[in-house]
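The values are calculated or read from the model by the stated rules, or taken from the named source; none is laboratory data. Values in this document were obtained by computation on a predicted structure and should not be read as measured data. Please note: Cβ atoms are built from the backbone with ideal geometry, for glycine as well, and neighbour counts cover all protein chains shown. Side chains are part of the model used for accessible areas, which takes the heavy atoms of the whole protein and leaves out ligands, DNA and RNA. Shrake-Rupley method; radii C 1.70, N 1.55, O 1.52, S 1.80 Å.
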Amino acid sequence: MKVLTAADGAAQKMTTHTEADNEVAALKTRYEAVKKVANGWVAKVDTLVKEWVLLDNTVTELNSWVAKDKSSEGENQFSLEKMESTLGELKNIFKQKEKLVEGL
């Protein structure tokens, strides 16, 4: 952007600068369009990364519950309510991930 601004400043110093003005204006327009698209993609990727981190944390937590809550007889003693809420959270995360991937 600094280069475009410098080019615009140099163009203003010229006596006949309509061609330079037109070129600078076209380059600014292209730059703004590319920046807008790039910012949109960055936002989508950030959201997708956040969802994957949340999914990974939830799966890790679920695995730790299963490994930790085994009794000496080998029976699981973890709470079914907690398990159901976690599975519901996983379903929601997968639904959000699918929507994000479709949006890409």
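Remarks
- Verdict on K97 being of a type outside the set (D, E) and at pLDDT 85 or above: no
- Looking across the range 51-94 at every residue that is loosely packed, with under 13 Cβ neighbours inside 10 Å and part of a loop (DSSP other than H, G, I, E, B), the one that is modelled with the highest pLDDT is identified as S79.
- Unique residue being open to solvent by less than 50 Å² (accessible area, probe 1.4 Å) and at pLDDT below 85 when the list is A20, A6: A20
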